[in-house]
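Have a look at the structure below before the remarks.
The values are calculated or read from the model by the stated rules, or taken from the named source; none is laboratory data. Given the structure is predicted, the values throughout are model-derived calculations rather than measurements. Please note: Cβ atoms are built from the backbone with ideal geometry, for glycine as well, and neighbour counts cover all protein chains shown.
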Amino acid sequence: MNRLPVWFKQAIPDAEIFRRLDMLSSLRINTVCVYAKCPNLNSCFSKGRLTFMILGNRCSRGCLFCGVAKSRGDDLGLDFDEPRRISQLILKLGLRYVVITSVTRDDLIDGGASQFARTKEEILTLNPDIKVEFLIPDFKGNIPAIRVVVESRPDVLGHNLETVRRLHKELKPYSDYELSLNVLSQIKHMNPRLITKSALILGLGESESEVISAMEDLKKASCDILTLGQYLSPSPSHYPVQEFISPDKFNRYLKIANELNFKVVAAGPLVRSSWQAEELYNQAKEELCMTL
């Protein structure tokens, strides 16, 4: 499945996109948009939407579908100046809503949780009106680490389940399906008012019934926002695409997810976990206000 369907057609990047990429490189700031080879990079960058990736650009785990490089086992270190540089760039670009994610850092005692908290603190010191969304790894289920992130009070806190139960161990050999669900449950237990979020990547070989079961599991874990998008293999050496999900099928999943009463659902070929993050946050906030 090397040929992309017509609905993946993208505009040619303009000079402003390359200017922002150069700026990120010069400041040694990573984005998941670049390292995970997101298909929405052009459209998001042109609208001032970035998903910053902290804790370096190499991951401890190396999931089969992910474009981020796996660490070689050497000391990755910790860049304590990274939060400051990110906050300065956010101020320079005039961003009002930012998404912060990270590679998985199993070599760190807290998995990098404190770096998330420091980054948010730096951002709000410069502009307390900025909304901050976190997309965290599982921290190996470390409750104190999860609590550090929760107590930093992001506006949205996400953790991605990513695939169905049957495929989880094959595609994410160092992760655990139930553990990911428990992370989401723990977040809600620690702060019931905190908006939670997760994502499923489709086209990895899952069946419709498995997708529905995963959505049901996420709902039981008190997930508020759900995104569903199409998997695109980052390179020929990565796990191959098993199926291109049609827009009609995404609409069917959208309908089913809405019937499960998630606060907000986004589904479509180009949808990613940080896709239109500000808009989804605003929708979820409205829904939560209506239920209080």
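Being of a type in the set (D, E, K, R), within 30 Å of Arg147 (Cβ to Cβ) and either loosely packed, with under 15 Cβ neighbours inside 10 Å or free of Cβ contacts under 8 Å to residues at least 24 places away in the same chain (or both) narrows it down to one of Lys188, Lys197, Lys220, so name that one.
When all the criteria are applied, what remains is Lys220.
Can you name the number of the only condition in (1) surrounded by 15 or more Cβ atoms within 10 Å (Cβ to Cβ); (2) touching a Lys or Arg at 6+ places or on another chain (Cβ under 9 Å); (3) in a helix (DSSP H, G or I) that Glu178 fails?
(1)
With the structure loaded, tell me whether Phe262 is surrounded by 15 or more Cβ atoms within 10 Å (Cβ to Cβ) and not in a loop (DSSP other than H, G, I, E, B) or whether it fails that test.
No: the conditions fail for Phe262.
Can you find a residue that is modelled with pLDDT of 90 or more, closer than 30 Å to Phe244 by Cα and surrounded by 21 or more Cβ atoms within 10 Å (Cβ to Cβ) anywhere in segment 51-60? Let's see the steps before the verdict.
Here is the first cut: in segment 51-60, the ones modelled with pLDDT of 90 or more are 52-55.
Those left that are additionally closer than 30 Å to Phe244 by Cα: 52-53.
With the extra rule that they be surrounded by 21 or more Cβ atoms within 10 Å (Cβ to Cβ), the set shrinks to 52-53.
Yes: segment 51-60 contains one or more residues that are modelled with pLDDT of 90 or more, closer than 30 Å to Phe244 by Cα and surrounded by 21 or more Cβ atoms within 10 Å (Cβ to Cβ).
Anything in segment 200-217 that is farther than 29 Å from Lys131 by Cα and touching a residue at least 60 places away in the same chain (Cβ under 8 Å)? List them, or say none.
Listed by number, the list holds a single entry, Leu204.
Give me the residue from segment 86-132 that is basic (Lys, Arg) and within 24 Å of Arg272 (Cβ to Cβ) and, out of that set, surrounded by the most Cβ atoms within 10 Å (Cβ to Cβ).
Per the criteria, the residue is Arg105.
Looking only at helices (runs of 4 or more DSSP H) that fall completely inside segment 64-160, which ones have 1 or more residues that are closer than 18 Å to His189 by Cα and over 18 Å from the mean Cα position of the chain (by Cα)?
Because the criterion is at least 1 residues that are closer than 18 Å to His189 by Cα and over 18 Å from the mean Cα position of the chain (by Cα), the helices (runs of 4 or more DSSP H) in segment 64-160 that meet it are 143-151.
Can you report the number of residues in segment 75-106 which are in contact with a Leu (Cβ under 6 Å, 6 or more places away or on another chain) and closer than 18 Å to Ile146 by Cβ?
Number of matching residues: 4.
Looking at Ile212, Ile245, which is the one that is in contact with a Leu (Cβ under 9 Å, 6 or more places away or on another chain), farther than 23 Å from Leu64 by Cβ and surrounded by 15 or more Cβ atoms within 10 Å (Cβ to Cβ)?
Ile212
Only one residue in Ser213, Ser180, Ser185, Ser198 is more than 21 Å from Leu280 (Cβ to Cβ) and among the polar types (S, T, N, Q), so which one is that?
Values: Ser180 fails: more than 21 Å from Leu280 (Cβ to Cβ); Ser185 fails: more than 21 Å from Leu280 (Cβ to Cβ); Ser198 fails: more than 21 Å from Leu280 (Cβ to Cβ).
So the residue among Ser213, Ser180, Ser185, Ser198 that is more than 21 Å from Leu280 (Cβ to Cβ) and among the polar types (S, T, N, Q) is Ser213.
Take the residues of segment 211-238 that are touching a helix residue (DSSP H, G or I) at 6+ places or on another chain (Cβ under 9 Å) and in a loop (DSSP other than H, G, I, E, B): which is farthest from Glu178 (Cα to Cα)? Spell out how you get there, then give the answer.
Our first condition is that a residue be touching a helix residue (DSSP H, G or I) at 6+ places or on another chain (Cβ under 9 Å); within segment 211-238, this holds for 211-215, 217-230, 232.
In the following step, the residues that additionally are in a loop (DSSP other than H, G, I, E, B) were identified as 221-224, 232.
Working: Ala221: 10, Ser222: 14, Cys223: 14, Asp224: 18, Leu232: 25 Å.
Among residues in segment 211-238 that are touching a helix residue (DSSP H, G or I) at 6+ places or on another chain (Cβ under 9 Å) and in a loop (DSSP other than H, G, I, E, B), the one farthest from Glu178 (Cα to Cα) is Leu232.
For the condition modelled with pLDDT of 95 or more and either at positive phi or of a type outside the set (A, V, I, L, M, F, W, C) (or both), what is the one hit in Lys285, Lys197?
The match here is Lys197.
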